[in-house]
Amino acid sequence: MMRSLFSGVSGLKNHQTRMDVIGNNISNVNTTGFKSSRVNFEDSLSQTLTAASAASDTTGGTNPKQIGLGSKISAIDVNFKDGSVQSTGINTDLCLSGNALFVVKQGNQTFYTRNGAFSFDAEGNLVNAEGLYVQGYMNASETEHNSINTNGATSSIQIRAGKTMPSSETKKVNYVNNLNATAPTITGITATDSNGNPVTVDLTKPVVVNGTDIMAAVLTMSDGTTQTVTSGTYNFGNSIPLSTTIKVYDSLGTAHIVPVTLEKSGKNEWTANSAVPTVTKVTYMDGTDEKEVTSYPVDVSTLNSPKVYFSNGKSYDVAKGTFNKDDALIKEDDGTFTNVVLNASDPIVFKETGAFKSGSASLTVAPSNGASSNTIAVSFNNLTQYANSSTVNAEADGYASGTLDTVTIDESGTVVGTYTNGVLRKEAQIAVAQFTNAPGLTKKGNSLYVESNNSGTPNIGTAAGFGATITASALEMSNVDVAEEFSNMIITQRGFQSNSKIITVSDEMLENLINMKR
């Protein structure tokens, strides 16, 4: 009879433990990233009254006679099912879904968590609510902005406010989109001066309409139309030039706008030409007379009131610098001149299908602001020539220096910095850990876990590499199901009551036994 008392006591203890777990689950129903637990029971030892016997020639076999000695807790399991995603609008909040955990560190001790409520501290460290450092892969390269090496060791993610990005000079220009295969060509040019009088033009040479020698010109096109122009350079037999601009950056990060024209020059052929005005003459004042220098190149700092004239009809007073005839110069906003040379001796050739076939160029930019001279490769490989409107555009690398403006974290866990120069840079990649048996991790409080003997060793990598997903500006809600917990609470309560009844009835039976002596 004492056995039933002990069985009832074990049942009470076990159901009390189950109620403790249920209470903890309900307490954390709104805890970010919390994983619910459950209690599993199993029977305890059994006292064998008689063992099982085998069948004989005369009798059949018999089962063992055993009396159970109560129950015990076989396991308290953690349910790592994903919780619901809750949008927060805070760009450093991250919701992790799948078999993975965030990695955080305090000193040399590593912890793991599903609570992605992160923020940046005063030193630019990405930390959790307790100040533990979020681990990831930093972008150690100053020039590479679009990729991060995730094969090395992780480190704390630190992105200081106000960090600067050095400038990068332009190294490559890439022309993209389409050139119109049916662009009409020039079949006639008639020019007039400022008084409206006809000007004789040499059609074997480029005709420059600059507002001085030639005020205007009428272009007769191969499609029968005419166009009146008041500026620009035109070649007989070619199409009207398409104007493009290339924005290049020098070694100091200063931007230079280089105009380049593209014009159809033959069947399936186009040419690229510099539209930068060239020096036509340099003058100086001799008393009250303006005279042209007779020897080039000339250092204008030795001249009295020097002036430089250009092919586009413009002229500028200058104080210093060396100028040569036919130099292609860009007048900068600070008053300096940048020498530009476009080397495009080969035409741009297209296949009969409209696809690019051959042709390339180079662009040399030599500023006078102290930056070094730079030769830039110009590619036309991404151009097409179809019977459609021209949509050609020049794309160049390089950029000015910039200061970090904002930081966001995208859905891959990449920390992206936006700089004042318009450049987006991948600053870091958040690391995650994957365990063979995540429920085997040991809870350490503060929504943290540590590795245990049965969790397996962590495999550190990226969310995408493990098949997990990250939702930015959101948090993972607790996966506690309140309805299920309330049901379990009722079941646990009934189980506790039943076990207490066993003790009560056993006590009454013992009392009756004792009373038999009276």
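The values are calculated or read from the model by the stated rules, or taken from the named source; none is laboratory data. Treat the numbers as computed from the prediction; the structure is a model and nothing was measured. Neighbour counts run over all protein chains shown; Cβ positions are idealised from the backbone, glycine included. All accessible areas refer to the heavy atoms of the entire protein, side chains included, with ligands and DNA or RNA removed. Shrake-Rupley method; radii C 1.70, N 1.55, O 1.52, S 1.80 Å.
The table below lists the values:
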| read-out | value |
| --- | --- |
| Tally, over segment 42-83, of residues that are farther than 18 Å from PHE6 by Cβ, under 55 Å from the mean Cα position of the chain (by Cα) and open to solvent by 70 Å² or more (accessible area, probe 1.4 Å) | 2 |
| Whichever residue in segment 9-41 is modelled with pLDDT under 95 and among the small types (Gly, Ala, Ser) and, among such residues, is least open to solvent (accessible area, probe 1.4 Å) | GLY11 |
| Test: ALA366 is farther than 20 Å from THR244 by Cβ and either surrounded by fewer than 19 Cβ atoms within 10 Å (Cβ to Cβ) or of a type outside the set (Phe, Trp, Tyr) (or both) | yes |
| Check on ALA464, at pLDDT below 95, open to solvent by 30 Å² or more (accessible area, probe 1.4 Å), aliphatic (A, V, I, L, M) and under 33 Å from the mean Cα position of the chain (by Cα) | yes |
| Unmet criterion (only one of (1) within 20 Å of SER390 (Cα to Cα); (2) of a type outside the set (Asp, Glu); (3) assigned to a loop (DSSP other than H, G, I, E, B); (4) open to solvent by less than 60 Å² (accessible area, probe 1.4 Å)) for ASN178 | (3) |
| Residues within segment 323-338 that are touching a residue at least 40 places away in the same chain (Cβ under 8 Å) and touching a Leu at 6+ places or on another chain (Cβ under 9 Å), tallied | 3 |
| Members of segment 181-210 found to be at pLDDT below 95, assigned to a loop (DSSP other than H, G, I, E, B) and surrounded by 15 or more Cβ atoms within 10 Å (Cβ to Cβ), listed by number | VAL201, PRO206, ASN210 |
| Selection count, segment 272-296, where residues are loosely packed, with under 14 Cβ neighbours inside 10 Å and in a loop (DSSP other than H, G, I, E, B) | 4 |
| Residue count for segment 430-450, restricted to those that are open to solvent by 20 Å² or more (accessible area, probe 1.4 Å) and over 17 Å from ASN115 (Cα atoms) | 2 |
| Extreme residue, farthest from LYS443 (Cα to Cα), among residues of segment 111-133 that are aliphatic (A, V, I, L, M) and either out of contact with any Asp or Glu (no Cβ under 8 Å at 6 or more places or on another chain) or in contact (Cβ under 8 Å) with a residue 60 or more places away in the chain (or both) | ALA122 |
| Breaking point among (1) over 30 Å from ASN128 (Cβ atoms); (2) open to solvent by less than 90 Å² (accessible area, probe 1.4 Å), for VAL482 | (1) |
| Check on ASN459, without any contact (Cβ under 8 Å) to a residue 40 or more places away in the chain, polar (S, T, N, Q) and either touching a Phe, Trp or Tyr at 6+ places or on another chain (Cβ under 7 Å) or exposed (fewer than 13 other Cβ atoms within 10 Å of the Cβ) (or both) | no |
| Inter-residue pairs, beta-carbon under 6 Å, first more than 14 Å from ASN421 (Cβ to Cβ) and surrounded by 23 or more Cβ atoms within 10 Å (Cβ to Cβ) and in segment 247-271, second modelled with pLDDT of 95 or more and of a type in the set (S, T, N, Q), 6+ apart | VAL248/THR170; VAL260/THR244; LYS264/SER239 |
| Selected residue (only one of SER498, SER506 is at pLDDT below 90, assigned to a helix (DSSP H, G or I), open to solvent by less than 90 Å² (accessible area, probe 1.4 Å) and not charged (D, E, K, R)) | SER506 |
| Top-ranked residue of segment 303-338 - restricted to ones that are under 47 Å from the mean Cα position of the chain (by Cα) and among the hydrophobic types (A, V, I, L, M, F, W, C), ranked as nearest to ILE257 (Cα to Cα) | ILE330 |
| Among (1) acidic (Asp, Glu); (2) touching a strand residue (DSSP E or B) at 6+ places or on another chain (Cβ under 8 Å); (3) free of Cβ contacts under 8 Å to residues at least 40 places away in the same chain, the one test that GLU169 misses | (3) |
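Residue-wise test of (1) farther than 23 Å from VAL260 by Cα; (2) within 47 Å of the chain's Cα centre (by Cα); (3) free of Cβ contacts under 8 Å to residues at least 24 places away in the same chain.
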residue: SER155; (1), (2), (3): yes, yes, yes
residue: GLN158; (1), (2), (3): yes, yes, no
residue: MET165; (1), (2), (3): yes, yes, no
residue: VAL176; (1), (2), (3): no, yes, no
residue: ASN180; (1), (2), (3): no, yes, no
residue: THR185; (1), (2), (3): no, yes, no
residue: SER194; (1), (2), (3): yes, no, yes
residue: PRO198; (1), (2), (3): yes, no, yes
residue: VAL201; (1), (2), (3): yes, no, yes
